[in-house]
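Here the structure is laid out as C-alpha cells; the discussion comes afterwards.
The values are calculated or read from the model by the stated rules, or taken from the named source; none is laboratory data. For clarity, every value in this text was computed on a predicted model and none was experimentally measured. Methodologically, a virtual Cβ is constructed for each residue, glycine included, from the backbone with ideal geometry; neighbour enumeration extends over all protein chains shown. Each accessible area value is taken on the protein alone, full model and side chains, heavy atoms only, with ligands, DNA and RNA left out. Shrake-Rupley method; radii C 1.70, N 1.55, O 1.52, S 1.80 Å.
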Amino acid sequence: MTAATATSPTLDRFLDELWAVEGLSDYTLVAYRRDLAALAHWLEQRDTALETAEAADLLGFVSSRMQAGARPKSITRALSSIRRFYRYLVQQGEREDDPSAGIESPRAGRPLPDSLSEAQVEALLQAPDLEDAVGLRDRAMLELMYATGLRVSELVGLEQSEVNARQGVVRITGKGHKERLVPLGEEAGHWLARYQREARPDLLDGHPPCEAVFVTRRGRGLTRQAFWYRIKAHAQRAGIESPLSPHTLRHAFATHLLDHGADLRVVQMLLGHSSLSTTQIYTHVARARLQSLHAEHHPRG
C-alpha cells in the first residue's frame, strides 16, 4: 500500500466524516488535511504508509518537527489531527491499534535548564586534583556524568555489578524502576578504570566491602548532597560563574549531543525520559545558544 497523500481515499473519507458528523468548517478541515498530508509525506520518504504507521514512526515525525524548530503549539495541533485520524481507522475496523495513543504533546512554557558551554565543561573536568584519591574519584564521576547524562541520584547509586567495562556500558535503574543501558564512551571509561584501579582501593582501605562504585574516605557511598558540594567546589576552582544545579552536567550532555547533530529520540533514550516532550526542552537550549553565538560574532548580529 502506498502512503496516503492529500487526495487519498482514506484521508478524504476521514475528512468527509468530520464534515458530515461534526460539521467542521472548511478552515478546520484544511488544517486537518495539511497536518496529515505532512505526516504522509514524511512517512512516504521512509517507505511507510500513513494507514500502517507505528508509534515509533509517529515519534520520529514529531522529533523531526521539533528539531526543525516547530513551536509546541503547532506540534500539539498536528498531534490532535493525527490522533483523530487513527481513532477513526480503529472505529472503522481498518486498524486494531491506535499508534498515537501513548504520544504526549510537548509542554510549552517550561524554564530552560542551566547548562555549560563545552569549554566550561572541559574546565570543570580538569579541576579535580589528580594527586589525591578523592580528586581522582571526582574526575571519574564528572567524566561519567558528562559522558552518560546520568541523574545525580543514578550516579551516586551506581553499583559495581551495574558496570560492564568490557562492553563499555552501565546499566541504570531510573525513575519508575525502568532500566536502560548507557554507553560509557572511551574517555569516561578510561577515567572510571583508573579510579577503580588507583583510588577506590585506597578509599576502601580498612573498611568493609562496599557495592557502591563511588565511595568516600569512610568506605561508604556518596550522598547526592556531598557530590553537589564537590561540584560547586570544582566549579569555583575552574572559574565558572554560570548558574549551576545538581543536573548541570546532565543538561550539558543532552545539549551538546543535539549541538552535534544527535537525534532527539536517541537523546530521549539515553536520558531515560518517558516522553519525547520532556527531552524537547534541550532543543530550545541548543537553539538559544546558536542565536547567541550569531548575535555575538555575525557582523549583522
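Each label point was placed 7 Å from the Cα along the Cα-to-Cβ direction; for Lys73 and Asp47 their separation is 4.0 nm.
Taking a ≥ b ≥ c as the square roots of the eigenvalues of the Cα gyration tensor, an a/c ratio below 1.5 marks region 119-243 as rounded.
In sequence order, region 77-87 has phi-based couplings of 5, 4, 5, 4, 4, 5, 4, 4, 5, 6, 5 Hz under the Karplus curve 6.51 cos²θ - 1.76 cosθ + 1.60, θ = phi - 60°, and Gly or Pro positions carry x.
Close amide H pairs (under 5 Å, H built 1.01 Å from N) link Val169 with Asn164, Leu184, residues at least 5 positions away or on another chain. Once the chain from Glu241 to Tyr27 is taken as fully extended at 0.36 nm per residue, the excess over their C-alpha distance is 71.9 nm.
Spacing of the modelled spin labels on Asp12 and Arg218, each 7 Å from Cα toward Cβ, amounts to 7.6 nm. Legend: calculated FRET efficiency, Asp205 to Glu118, from the Cβ-Cβ distance at R0 = 22 Å, rounded to 0.05, equals 0.05.
Accessible surface ranking for Arg224, Arg166, Arg230, 1.4 angstrom probe, highest first: Arg166, Arg224, Arg230.
Rounded to the nearest 0.05, the FRET efficiency derived from the C-beta distance between Ala20 and Lys178 at R0 = 51 Å is 0.70. Please report how far the C-alpha centroid of region 198-214 lies from that of region 153-177, rounded to the nearest whole angstrom. Answer, in whole Å: 17.
Less than 5 angstrom separates the built amide H of Glu159 from those of Val213, all sequence-distant by 5 or more or on a different chain. 3J(HN,Hα) couplings calculated from phi for region 204-213 with the Karplus curve 6.51 cos²θ - 1.76 cosθ + 1.60 (θ = phi - 60°) are, in sequence order, 8, 4, x, 10, x, x, 9, 6, 5, 5 Hz; Gly and Pro show x.
Ignoring ligands, DNA and RNA, please state the percent of accessible area on region 46-201 from carbon and sulfur, probe 1.4 Å. Let's see the in-between values first.
On the way: 3580 of 7620 Å².
Carbon-and-sulfur percentage of accessible area, whole number: 47.
Label sites at Ser161 and Gln92, each approximated as a point 7 angstrom past Cα along Cα to Cβ, lie 5.3 nm apart.
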